[in-house]
Amino acid sequence: VVVAGGTPLFGATVVLDPGHGGDEPGALGPGGLREADLNLAVAERTADRLAAAGATVVLTRTTDLRVTLATRALLATRLGARALVSVHHNADPDGPSDRPGTEVWHQVDDPTSRRLAGLVQEEVAAAFGAYEGVAWQADRDAGAKARRRARGDDYYGVLRDAGVPAVISEALYLSNPVEAALLARPEVQQAEADALARAVARFLTTDDPGSGFAEAYPRPEGAGPGGGAAGCVDPPLS
């Protein structure tokens, strides 16, 4: 079930952004699973769920194609989307955890984006938490959070440039062999997609505040390539 109580989503435009693509594979699982491919598979499943509930859903890419961060953000802005959800999977955690290391980045100065992040965090973490006996990994500050760059605005370009409420979902750690094996299973990808769809539906049809908020610790390192041509590496730090 995507929409609680059967509330339709007619009239709501949602943009789903499968991160990476083309010559930018993103994280790589030990078994060879590319983050770019996983992001697209989950985004397509999420789109199907939301479209079935009546939403108009647009994907920033529908194939293995490199798309600039600016283009991804501009698409959502020009469409006047109610929400932009950038679908990603993580790498390089701080260490072992007793729960899924799901994290969701929101826009630093937008309470609407923060609420969306809390709902995504709540739904996705709960969906993966149902799997028992998994040796999870996480960052110390796992949760829904924000990150500023030196000039004070959003660190991540797709959030900084989007003129609509936007979040980045980092569901699990593809670099963790146990989690990568889990994510390779179609039914697990569907569970993640269902969780994302539920979160978006709740964002559009309720006043639920979300949960799992955290304070991000300082990260001096760069984020790496974010999806674009030269000059679109995310983020510029100056």
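The values are calculated or read from the model by the stated rules, or taken from the named source; none is laboratory data. Quick caveat: nothing in here was measured; it's all calculated off a predicted structure. Note that each Cβ is placed from the backbone with ideal geometry, even for glycine, and that neighbours are counted across all protein chains shown. For accessibility, only protein heavy atoms count, side chains too; no ligands or nucleic acids. Shrake-Rupley method; radii C 1.70, N 1.55, O 1.52, S 1.80 Å.
Of note:
- Test result for Val58, among the β-branched types (Val, Ile, Thr) and modelled with pLDDT under 95: no
- If the condition is being open to solvent by 20 Å² or more (accessible area, probe 1.4 Å), in contact with a Pro (Cβ under 9 Å, 6 or more places away or on another chain) and not in a loop (DSSP other than H, G, I, E, B), then the range 79-109 contributes only His88.
- In the set Ala135, Ala53, only one residue is more than 19 Å from Leu204 (Cβ to Cβ) and not hydroxyl-bearing (Ser, Thr, Tyr); that residue is Ala135.
Residue-wise test of (1) at pLDDT 95 or above; (2) surrounded by fewer than 21 Cβ atoms within 10 Å (Cβ to Cβ); (3) in contact with a strand residue (DSSP E or B) (Cβ under 6 Å, 6 or more places away or on another chain); (4) of a type in the set (S, T, N, Q).
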position: Pro165; (1), (2), (3), (4): yes, no, yes, no
position: Ser169; (1), (2), (3), (4): yes, no, yes, yes
position: Ser175; (1), (2), (3), (4): yes, yes, no, yes
position: Glu187; (1), (2), (3), (4): yes, yes, no, no
position: Ala201; (1), (2), (3), (4): yes, no, no, no
position: Thr206; (1), (2), (3), (4): yes, yes, no, yes
position: Gly210; (1), (2), (3), (4): yes, no, no, no
position: Ala214; (1), (2), (3), (4): yes, yes, yes, no
position: Arg219; (1), (2), (3), (4): no, yes, no, no
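- Every listed requirement among (1) assigned to a loop (DSSP other than H, G, I, E, B); (2) closer than 18 Å to Gly118 by Cβ is met by Ala201 save one, (1).
- Matching residues, the range 110-131, being touching a strand residue (DSSP E or B) at 6+ places or on another chain (Cβ under 7 Å), under 19 Å from Ala43 (Cβ atoms) and open to solvent by 10 Å² or more (accessible area, probe 1.4 Å): Gln121
Per-residue answers, yes or no, for (1) within 16 Å of His89 (Cβ to Cβ); (2) of a type in the set (S, T, N, Q); (3) not in a loop (DSSP other than H, G, I, E, B):
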residue	(1), (2), (3)
Arg151	no, no, no
Gly163	no, no, no
Val167	yes, no, yes
Leu172	yes, no, yes
Ser211	no, yes, no
Arg219	no, no, no
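- Residue count for the range 52-62 satisfying the condition of being more than 18 Å from the chain's Cα centre (by Cα) and either surrounded by fewer than 18 Cβ atoms within 10 Å (Cβ to Cβ) or without any contact (Cβ under 8 Å) to a residue 24 or more places away in the chain (or both): 3.
- Residue identified as open to solvent by less than 20 Å² (accessible area, probe 1.4 Å), among the hydrophobic types (A, V, I, L, M, F, W, C), more than 24 Å from Leu183 (Cα to Cα) and assigned to a helix (DSSP H, G or I) among Ala76, Ala70: Ala76
- Filtered by the rule that a residue be among the polar types (S, T, N, Q) and touching a helix residue (DSSP H, G or I) at 6+ places or on another chain (Cβ under 9 Å), the range 137-175 gives Gln137, Ser169.
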